[in-house]
Structures are given as C-alpha cells and as structure tokens.
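First up is the structure itself, then whatever we jot down about it.
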Amino acid sequence: MSASTEGNARAAGYTPHPYVGGRTAALRALAAWRMRWPGAPRVIVLTGNPGSGRSRLLTGFLMMCDPEYRKQLPIDDLDPATVPPDLPAPAVPSAAGRTAAQVLWLLADHFELAAGRTEDVFAELAARDEPVTIVVPDVDQAGPVRAAEEATRVVREVLTPLAATETVQLLADVPRELATELAGALPASQVQVIDLDAPEWADPKGLVLHAETALDAGSGSPELPYTTDPAARRALAEALAARAAGSRLTVQLAVQSLLMQPEGFDPADASQLPTSVGEALDLHARRLGADPQTLRLMLAPLAFAEGDGLPVQLLGTLANAVAGRDMSQDLADGMLLAAPFIQPVEPSSEDDEGGTGEDGTGEDAEAGAGDGRTLLRLMHPALAEEIRSGLPDVRDTQTRIAMALLEEVPQQDWAQADPYIRDHLAAHTLEAGLLPQLLTDPGLFAHADPVTLRAAIEAVPLEQLGAPARTYLRTAPLLTRSQASATLRAAFLESAFVEDGLAPYAEALHTRGFRLPWRTLWSVPLAGVRAVTTGSVAAAGEDGTAVSRSVAALLVPEGTPGSRTLPAAADGAVAPRDGTGAADGTAAGEDAGAVNGDGAAAAGGRTALLLHDLRAPEYVDADPSQVVQPSEEDRAAAPLGFSRGADYLRVWARADRRMVAALVSDSPVTDADLSPDGVLVVATERGVTARQILVAAPPAAPSVPAQRTGTTDADASHGLEGDHS
C-alpha cells in the first residue's frame with residue numbers, strides 16, 4: 001500500500017472519508033490490521049510530525065470501528081478496502097493527561113481483569129483464549145505534568161509489554177522519537193510503522209481537500225472570492241497545501257487567520273502563505289500590523305499552561321511575568337490578533353475535586369477546575385512547542401511564571417489559592433528546577449491534586465528531595481487511591497509525618513484551618529504486632545509512688561526488645577482482645593472479648609506483651625499481667641465505636657451512628673482497638689499508630705507530644721503499581 005492508492009480510490013469514484021478527507025493508503029492499512037488480514041501486522045505504530053494529522057486519522061478510523069457511530073457514516077460510498085469489519089469496538093484507553101499506570105488500569109478495568117499488580121495485567125491478557133484489540137491514542141500528550149516526560153513511560157511500561165503479548169492486537173499513536181523504540185522491540189514481521197510524513201504515506205491531494213473544505217463558505221466561512229468561487233477556492237487550497245510541506249496544522253492555522261481577518265490578504269501573493277507553524281504566527285501578526293514577537297509573548301503563558309488550560313484571569317499576570325513588562329494594553333488591544341490560535345475550554349467534570357469529605361462523606365469537596373471558570377489553551381500542542389522554542393531561556397521563563405503564580409496565593413494560604421495554582425504550580429517549578437524548594441509546605445501537600453503533584457515529585461531524583469517530600473511520595477498512592485478530599489488528605493499526611501518523625505509538619509497541618517478527624521499521638525515502626533488492646537496499668541511515678549497509666553498493650557513475637565512473656569496462668573487475663581474487625585459496618589471493637597489462654601499460640605509462634613503509653617511516645621516498664629482492660633460496660637458507655645476491614649477503619653458516634661472519622665491504611669491492618677476516651681490504636685504490617693479522635697473542633701492551641709528520636713526518614717514509594725486512580 002502506498003500513496004498511489006489515493007488516486008486509484010478517487011478514480012474508482014469512492015467518497016473520501018467525511019472526517020479524514022483522504023489518507024486512503026493509511027486507512028487501508030488500518031482496516032487490514034483490524035480485520036487481521038493475512039500478512040497484516042499484529043502491531044501498528046502510527047507516527048508523524050506534530051500537526052501531521054495523526055489524531056484526525058485515528059479519530060476517523062475509530063468512527064468506523066464503533067458499531068453505533070459507523071451507522072452515521074456513508075459506509076457504502078467509501079472505498080471498501082478502507083472500511084474495517086463490523087466488529088465490537090476496540091478498547092481505546094487515551095493516554096492524554098494520564099500516567100502510564102492510569103492507562104494500564106483503564107485497560108484492566110475495561111477487560112474486567114482480576115490483576116492486582118502491573119505484571120498481572122499482561123499475564124492475564126496473554127492467557128486469554130481470544131485476541132483483544134487495543135488502540136492507544138495521544139501518547140504524545142500523556143501525563144498530568146508536561147516536563148515529567150510521561151510519554152516515555154507509557155511506551156516502555158505499557159505499550160512495549162502490550163506489543164510483546166501475542167494475544168494483543170495493538171495500534172498506538174506515538175511521537176516519532178519513541179516510535180522507533182517501540183517498533184524495534186518486536187520482530188519486523190509483527191509490526192508496521194506508518195509515518196504520515198514519509199513519502200509512501202503522504203497525502204498531498206488530501207491536504208488540498210482539507211484546505212478547500214475549510215475555505216468553503218458553505219461551512220460557515222465569510223463570503224469572499226476565495227470562499228465562494230469554486231475555482232478560486234481550489235486555487236488557494238492548492239497554494240496553501242503546496243506551501244505547508246504536508247502539515248495539516250499549518251494549513252488549518254493559515255485558513256483560520258485568513259477567515260478571521262481577511263483584510264490585507266492577497267491570495268495571489270504566495271509570500272503571505274506560511275510554510276510552517278511558526279511562520280503562520282508571524283505572517284498573521286505582520287498582516288495585522290503587529291509585532292510578531294508581541295503576539296508570541298501574548299501566547300507564551302498558554303504555551304506553558306498545564307492541565308486543560310490556563311484560567312483567563314491569570315493570563316495577564318503570566319504575560320507580564322514572561323515579557324518582563326506590563327502587557328495589559330497589548331492584551332486589551334490584541335485579542336483579535338491572538339484569536340486564531342486560542343481555544344476556550346469548559347473544564348470537564350472529571351477535573352472537579354470529587355473526593356470524600358472530612359469525615360469520609362464528601363461534604364467538604366473543594367471547587368476544582370470544573371467550577372465553571374473559562375480556561376484558555378492553544379489550538380494545538382505544536383503551537384506551544386513553537387512558541388517555547390523561540391524563547392531565549394525556557395527554564396528562566398518557567399521560573400518567572402512560578403514566582404508570579406506563587407505571589408497570587410493570598411497570604412500563602414493554599415485554601416484560598418486559585419485551583420490552577422494549587423494543582424499546577426509544582427509542574428511549573430519542576431521545569432524551572434525549583435520543585436524541591438517548594439516541597440516544604442504541608443498545606444500545599446494537602447490542597448494540591450495528588451495525581452499531578454505526585455507525577456511532578458516523581459520526576460525529581462530521589463536524592464534531591466527533602467524528608468517531607470519523601471513522606472508525601474510514600475503516602476501519595478493512598479491519597480490517589482482513596483480519592484480523598486483536602487481535609488482527609490491532610491489527616492492522612494498528618495499521620496504519615498508523625499510516623500516518619502516529622503512532628504513539626506504534622507503540627508503545621510493542625511494550624512492550616514483543617515477540621516482534622518484525629519490527632520496522631522505517636523507511631524512506632526514495629527513489625528510483627530499480632531494484636532493490640534487499650535487499658536491501664538499501675539506504674540511508678542516520678543516520685544516513686546504508684547500511678548495509673550493508660551497503655552496500649554501490643555502482642556509481639558517473643559524476644560522483641562522491651563517485651564515480657566506472660567506466665568501461662570495470666571495469659572488469658574491480659575492478652576489483647578481478638579479485634580478481628582467486621583467489614584459489614586458492625587462494631588468490631590464493641591463486642592469482642594479477651595483472647596483466651598491459647599489465643600497467642602494460635603497466632604503462630606511464642607508471643608509476649610509490650611506496653612506503650614497510650615498518649616505519649618514512650619514505652620512503659622510495668623508488669624503486663626497487671627494490665628486492666630476496659631470492661632464491656634465501659635466500652636458500651638463510650639461515646640465512640642468503630643468497625644474495620646482489611647485496610648480501613650471507620651469511627652462513629654454511638655448516639656446517632658454518625659461517622660466521625662474514616663481511616664484508610666496503605667498496608668493491611670492486623671488489629672485495632674479504641675479506648676473509651678477515644679484513642680484509636682491501629683496495628684498494620686508497617687507498625688503501630690495511636691490517634692486521638694477529635695469529635696468536636698480541635699482546641700485553639702493544640703500541642704503534639706515530642707517524637708522519639710532515632711526515627712529514620714521514610715523511603716519514597718516510586719511508581720504507581722497497584723494504584724487504580
């Protein structure tokens with residue numbers, strides 16, 4: 001198949017695809033791939049220069065692959081060799097804005113796989129009896145953070161393993177710099193690269209048709225000689241296509257420029273027709289009597305915009321920062337100048353902060369990017385690359401943008417910050433080389449979108465990150481998996497900071513206006529804890545007299561430093577409760593009694609008891625056989641109860657069954673207990689943590705006990721394995 005088939009198709013009288021308007025050779029290759037024609041490759045890598053029309057071609061092809069959408073197309077009038085068979089629609093996990101893990105788990109969800117790990121996804125697909133068809137578009141737009149180069153991870157961690165899976169029929173739209181890598185991982189007989197800029201796939205006649213259709217006054221263009229007269233329109237379309245060097249984007253921008261501001265344009269003057277995206281910008285500015293550099297400076301903030309686009313109210317602030325001067329008059333006078341290159345965007349509902357509320361009920365969901373504000377973005381990513389490439393120092397420009405955004409945060413209160421600043425400042429500072437310096441404010445950790453912030457932080461070498469950022473990375477999978485609100489994110493982070501010996505950061509979160517559901521009192525990285533219970537024990541006070549101390553009794557393997565093995569006769573009296581929580585909302589902590597005499601042995605191996613102060617970060621040296629547990633009457637009279645599952649707990653008020661705290665753990669919960677006065681002690685595979693449940697608002701001047709010394713910083717948890725968010 002080659003470009004010569006274009007002429008053959010037209011000679012046969014076939015109608016061009018109504019959306020693609022050409023590309024017969026490529027469409028024939030894609031149709032043969034879809035029908036698994038003998039000799040057709042199992043994997044197709046679609047590539048080309050930015051603006052070559054890859055997305056348009058893939059969209060047009062997928063229209064014919066969708067059983068419902070193809071009913072709206074003139075299928076019988078198209079070249080039969082370009083029409084794929086009428087089969088169920090393929091899986092289409094778009095990579096745009098998503099991490100490699102998100103793309104992979106979209107596939108896992110689509111095929112209803114039981115995989116719990118990344119490698120399990122590929123193994124389950126390989127084990128299927130029937131082949132699966134997967135189309136992955138927009139790999140060049142992958143990732144929530146531009147500078148994180150997520151497209152490379154998508155190719156290496158998702159597409160390459162998929163391509164190597166014999167049961168997978170794969171079509172991927174990949175940037176040219178990664179296309180060779182992906183294709184090179186397979187035998188030549190299994191893969192085909194379709195480069196839309198290569199001579200064998202070029203479609204010059206289709207490009208003329210694309211320009212001619214865009215100029216047609218019948219499609220909404222103003223009535224001008226070259227839009228109403230077919231001959232004049234055809235002549236201009238041919239001239240545009242001849243100058244554009246195969247770039248559909250260059251043609252599109254040139255036509256939009258002419259139609260928005262036709263004055264001063266002479267269709268007979270070929271020098272007014274652009275040969276590239278950059279020339280389309282500059283010719284438009286000159287024709288309107290403006291300085292091309294001014295136009296580029298006006299558009300520069302949009303060239304650096306992250307996410308769906310830049311809020312219109314921030315455009316002036318960032319234009320001033322990029323230009324180093326007041327651009328307000330230029331912007332006021334120049335919207336017609338910039339109009340052909342800008343696209344307004346209504347944020348998608350997916351960008352709303354839809355997490356659970358402060359008590360797990362969704363009541364304090366923040367206003368996110370989907371709050372009705374108007375966003376602006378450039379017409380095409382290639383425009384952004386063109387504008388960025390024309391700046392003398394991209395890193396310096398990002399530094400000025402980051403500083404300008406930071407100054408827009410009222411009193412450095414992230415709760416009052418514009419959602420764009422809150423969620424995307426990290427991306428700007430990443431490219432500026434300043435992200436590690438930003439990662440010191442726990443308020444930002446709590447308020448920023450965890451998917452975006454995590455992607456930015458993971459792009460920084462681990463050795464450049466401070467301890468708070470490493471704690472954030474360790475906690476980020478929990479934040480994204482739980483889809484927690486800012487308040488609940490703050491609560492999870494507060495505990496994580498205490499676990500990692502960063503008490504000042506935990507304390508700071510109590511002063512940022514959050515109504516946290518708990519205060520973390522202490523945490524010990526003690527592995528192997530079998531069970532926990534709360535109680536009291538007589539211990540020596542500072543003056544030597546006996547005092548009663550509230551304790552958490554931890555059932556640990558015998559030989560754990562500081563633990564004591566109980567006499568067999570006393571074992572059943574003081575061993576922690578059985579604490580096996582129910583997952584159905586019943587109160588596990590309400591009715592369970594003490595472990596019987598052989599409960600410890602049943603847990604496997606010889607065990608001992610370790611006593612820890614219930615409210616302070618210190619162990620208690622006392623006789624564990626003297627521990628007194630709360631009676632069932634004491635528990636029943638307590639204002640709070642709790643229930644738990646494998647990795648979560650819920651605390652609720654007994655009076656009205658209202659949930660007051662929801663805890664999700666990043667490691668399996670082995671046991672938990674809630675003291676009558678509201679201290680929740682949770683043992684996981686990582687250690688034991690005690691939290692004071694705050695039913696009412698926190699006190700005005702809270703204090704956190706000093707943390708024990710010697711706790712090491714947490715290791716970062718790189719990668720998104722197992723994170724379905």
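The values are calculated or read from the model by the stated rules, or taken from the named source; none is laboratory data. These figures come from a predicted structure and were not determined experimentally. FYI the Cβ positions are ideal-geometry reconstructions off the backbone, even for glycines, and counts take in every protein chain you see. With ligands, DNA and RNA removed, areas are computed over all heavy atoms of the protein, side chains included. Shrake-Rupley method; radii C 1.70, N 1.55, O 1.52, S 1.80 Å.
Select from the range 328-343 the residues that are of a type outside the set (A, V, I, L, M, F, W, C) and either touching a His at 6+ places or on another chain (Cβ under 9 Å) or not in a helix (DSSP H, G or I) (or both) and list them in ascending order.
Kept after step one, since they are of a type outside the set (A, V, I, L, M, F, W, C), are these residues of the range 328-343: 328-330, 333-334, 340, 343.
Within the range 328-343, Gly334, Pro340, Gln343 meet the criteria.
What's the total number of residues in the range 160-177 that are closer than 18 Å to Arg117 by Cβ and in a helix (DSSP H, G or I)? Matching residues across the range 160-177 total 3.
On inspection, Val498 passes the criterion of being part of a helix (DSSP H, G or I), of a type in the set (A, V, I, L, M), touching a strand residue (DSSP E or B) at 6+ places or on another chain (Cβ under 9 Å) and under 28 Å from Gly559 (Cβ atoms). Of the residues making up the range 463-479, those that are touching a Lys or Arg at 6+ places or on another chain (Cβ under 9 Å) and open to solvent by less than 10 Å² (accessible area, probe 1.4 Å) number 5. If the condition is being open to solvent by less than 10 Å² (accessible area, probe 1.4 Å) and assigned to a loop (DSSP other than H, G, I, E, B), then the range 668-686 contributes Ser675, Gly678. For the range 14-56, the set of residues classified as free of Cβ contacts under 8 Å to residues at least 60 places away in the same chain and within 23 Å of Leu378 (Cβ to Cβ) consists of Tyr19 only. If the condition is being crowded, with 20+ Cβ neighbours inside 10 Å, over 18 Å from Val409 (Cα atoms) and hydrophobic (A, V, I, L, M, F, W, C), then the range 278-319 contributes Ala280, Leu281, Leu283, Ala285, Leu295, Leu297, Met298, Leu299, Ala300, Leu302, Ala303, Phe304.
Do you know which residues across the range 194-203 are of a type in the set (D, E, K, R) and either open to solvent by 20 Å² or more (accessible area, probe 1.4 Å) or part of a helix (DSSP H, G or I) (or both)? Scanning the range 194-203 gives Asp195, Asp197, Glu200.
Only residues that are at negative phi and open to solvent by less than 10 Å² (accessible area, probe 1.4 Å): list them for the range 21-30, please. So that I can check it myself, show each step before the final result.
Within the range 21-30, the subset at negative phi is 24-30.
Ala25, Ala26, Leu27, Ala29, Leu30 - these are the residues of the range 21-30 that are at negative phi and open to solvent by less than 10 Å² (accessible area, probe 1.4 Å).
Here Glu119 meets each of (1) over 16 Å from the mean Cα position of the chain (by Cα); (2) in a helix (DSSP H, G or I); (3) under 26 Å from Pro88 (Cβ atoms); (4) of a type outside the set (Lys, Arg) with one exception, condition (3). Within the range 491-532, being at pLDDT 95 or above and of a type in the set (S, T, N, Q) holds for Ser495, Thr520, Ser523.
Please determine, by comparing only the residues of the range 606-619 that are assigned to a loop (DSSP other than H, G, I, E, B) and either surrounded by 21 or more Cβ atoms within 10 Å (Cβ to Cβ) or in contact with a Gly (Cβ under 9 Å, 6 or more places away or on another chain) (or both), which one is modelled with the lowest pLDDT.
As a first pass, look at the range 606-619 and keep what is assigned to a loop (DSSP other than H, G, I, E, B): 606, 614-618.
Then keep just the ones that are either surrounded by 21 or more Cβ atoms within 10 Å (Cβ to Cβ) or in contact with a Gly (Cβ under 9 Å, 6 or more places away or on another chain) (or both); that gives 606, 614, 617.
Details: Arg606: 83, Leu614: 96, Pro617: 94.
If we take residues in the range 606-619 being assigned to a loop (DSSP other than H, G, I, E, B) and either surrounded by 21 or more Cβ atoms within 10 Å (Cβ to Cβ) or in contact with a Gly (Cβ under 9 Å, 6 or more places away or on another chain) (or both), then Arg606 is modelled with the lowest pLDDT.
Within the range 496-518, take every residue that is surrounded by fewer than 23 Cβ atoms within 10 Å (Cβ to Cβ) and small (Gly, Ala, Ser) and give me the one that is nearest to Val651 (Cα to Cα). Taking the candidates together, the pick is Gly513. As for the range 134-148, it holds at least one residue that is touching a residue at least 40 places away in the same chain (Cβ under 8 Å), among the basic types (Lys, Arg) and open to solvent by 30 Å² or more (accessible area, probe 1.4 Å). Are any residues in the range 329-348 without any contact (Cβ under 8 Å) to a residue 40 or more places away in the chain and open to solvent by 40 Å² or more (accessible area, probe 1.4 Å), and if so, which ones? Passing the criteria: Gln329, Asp330, Ala332, Asp333, Met335, Gln343, Pro344, Glu346.
Do we find that Thr487 is farther than 30 Å from Ala142 by Cβ, in contact with an Asp or Glu (Cβ under 8 Å, 6 or more places away or on another chain) and either open to solvent by 20 Å² or more (accessible area, probe 1.4 Å) or not in a strand (DSSP E or B) (or both) in this structure? Before the answer, list the steps.
Values: farther than 30 Å from Ala142 by Cβ: yes; in contact with an Asp or Glu (Cβ under 8 Å, 6 or more places away or on another chain): yes; either open to solvent by 20 Å² or more (accessible area, probe 1.4 Å) or not in a strand (DSSP E or B) (or both): yes.
Answer is yes for this residue.
For the range 16-40, enumerate the residues that are modelled with pLDDT of 90 or more, in contact with a helix residue (DSSP H, G or I) (Cβ under 6 Å, 6 or more places away or on another chain) and not hydrophobic (A, V, I, L, M, F, W, C). His17, Arg23, Thr24, Arg28 - these are the residues of the range 16-40 that are modelled with pLDDT of 90 or more, in contact with a helix residue (DSSP H, G or I) (Cβ under 6 Å, 6 or more places away or on another chain) and not hydrophobic (A, V, I, L, M, F, W, C).
Selection of the range 204-248 for residues being part of a helix (DSSP H, G or I), within 20 Å of Val20 (Cα to Cα) and of a type in the set (Ser, Thr, Tyr) yields Thr213, Ser219. Here Thr399 passes the criteria (1) modelled with pLDDT under 95; (2) buried (at least 16 other Cβ atoms within 10 Å of the Cβ); (3) closer than 25 Å to Pro442 by Cα except the one numbered (1). Just to verify a result, which residue in the range 176-188, among those that are open to solvent by 10 Å² or more (accessible area, probe 1.4 Å) and in contact (Cβ under 8 Å) with a residue 24 or more places away in the chain, is farthest from the chain's Cα centre (by Cα)? Per the criteria, the residue is Leu186.
Per-residue answers, yes or no, for (1) in contact with a strand residue (DSSP E or B) (Cβ under 7 Å, 6 or more places away or on another chain); (2) touching a residue at least 24 places away in the same chain (Cβ under 8 Å):
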position	(1), (2)
Leu58	yes, yes
Cys65	no, yes
Gln72	no, no
Pro85	no, yes
Ala100	no, yes
Trp105	no, yes
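When restricted to residues that are touching a residue at least 24 places away in the same chain (Cβ under 8 Å), farther than 23 Å from Thr227 by Cα and in a helix (DSSP H, G or I), the range 264-296 contains 4. Of all residues in the range 620-651, exactly one satisfies the criterion of being open to solvent by 20 Å² or more (accessible area, probe 1.4 Å), under 43 Å from the mean Cα position of the chain (by Cα) and among the small types (Gly, Ala, Ser), namely Ala646. Every residue in the range 373-389 that is in contact with a Pro (Cβ under 9 Å, 6 or more places away or on another chain), open to solvent by 60 Å² or more (accessible area, probe 1.4 Å) and farther than 15 Å from Leu249 by Cα, please. Arg377 - this is the single residue of the range 373-389 that is in contact with a Pro (Cβ under 9 Å, 6 or more places away or on another chain), open to solvent by 60 Å² or more (accessible area, probe 1.4 Å) and farther than 15 Å from Leu249 by Cα. For the range 194-217, filtered to residues that are under 37 Å from the mean Cα position of the chain (by Cα) and of a type outside the set (Gly, Ala, Ser), the residue that is nearest to Pro230 (Cα to Cα) is His210.
Annotation: Val191 fulfils all but one of (1) under 35 Å from the mean Cα position of the chain (by Cα); (2) open to solvent by 30 Å² or more (accessible area, probe 1.4 Å); the unmet one is (2).
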